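See below for the structure under consideration.
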Amino acid sequence: MKAQLPAAVPEIPVTDMNAALEYYQAKLGFDLDWGGAEGGIAGISQGDCRLFLTDAGFRQYHGNAPPVMIWLNMNSKQEVDELHQIWNAAGATIISSVESKPWKLHEFTASDLDGNLFRVFYDFSRDS
């Protein structure tokens with residue numbers, strides 16, 4: 001019997017918690033659920049996606065550092081296209097435009113202020 005795992009919650013390293021929170025809220029549409037600069041960690045969410053932002057002080061004992069890559073698995077090409085349009089209109093840093101790749105992913109890449117990357121994709125390899 002295999003254990004059923006919940007959705008993962010990635011830890012995103014940031015250098016300036018207040019600036020990161022502003023970017024994630026204003027440009028990427030996340031909500032602040034709890035925490036912030038005072039404790040060095042914040043929980044943010046958008047829909048079913050949850051992330052932890054952590055500053056250098058919080059991370060010092062584990063040594064994790066930016067940049068990291070987060071993959072966001074969307075349910076359709078249309079969802080990828082729509083999120084690209086929303087983030088682009090909000091002024092998010094778009095690294096690569098939407099494209100259907102030869103490896104069967106419809107994707108684009110965006111960045112936060114610290115160079116952490118979001119690869120937003122839909123796997124169309126099983127589409128009929």
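Quick note: the coordinates plus some simple rules give every number you see, no bench work behind them. Treat the numbers as computed from the prediction; the structure is a model and nothing was measured. All Cβ positions, even for glycine, are placed from backbone atoms using ideal geometry, and neighbour counts span all protein chains on display.
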Where the Cα pairs of the chain fall when distances are cut into 10 Å bins, in %: 12, 41, 32, 13, 2, 0
Cβ-defined net charge surrounding Glu79, 13 Å radius [Lys, Arg +1; Asp, Glu -1]: -4
Exposure proxy ranking, count of Cβ atoms within 10 Å, fewest first, for Trp103, Trp87: Trp103, Trp87
Cβ-based exposure ranking for Lys2, Lys104, in which fewest neighbours within 10 Å come first: Lys2, Lys104
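Just to confirm the filter: which GluC sites (Glu not before Pro) across region 31-103 are DSSP coil and have at most 11 other Cβ within 10 angstrom of their Cβ?
In loop regions of region 31-103 (DSSP not H, G, I, E or B), the sparsely surrounded GluC sites (Glu not before Pro) are Glu38.
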Theoretical ellipticity at 222 nm over the chain - DSSP helices of four or more residues, -39500 (n - 2.57) apiece, nearest 500: -6500 deg cm²/dmol
Qualifying lysines (Cα of each under 26 Å from Cα of Lys104; at least 8 residues distant if same chain): Lys77
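So for each of 10-20, 56-66 I average, over its residues, the number of other beta carbons within 10 Å; can you give me the resulting order with the highest mean first?
Highest-to-lowest ranking by the protection proxy: 10-20, 56-66.
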Additional length obtainable on full extension of the chain from Arg126 to Ala7, 0.36 nm per residue less Cα span: 40.6 nm
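Determine, from the Cβ-Cβ distance of Met69 and Ser97 and an R0 of 22 Å, the FRET efficiency 1/(1 + (r/R0)^6), rounded to the nearest 0.05. Please list the in-between numbers first.
Numbers: r = 18 Å, r/R0 = 0.80.
For R0 = 22 Å, the calculated efficiency reads 0.80.
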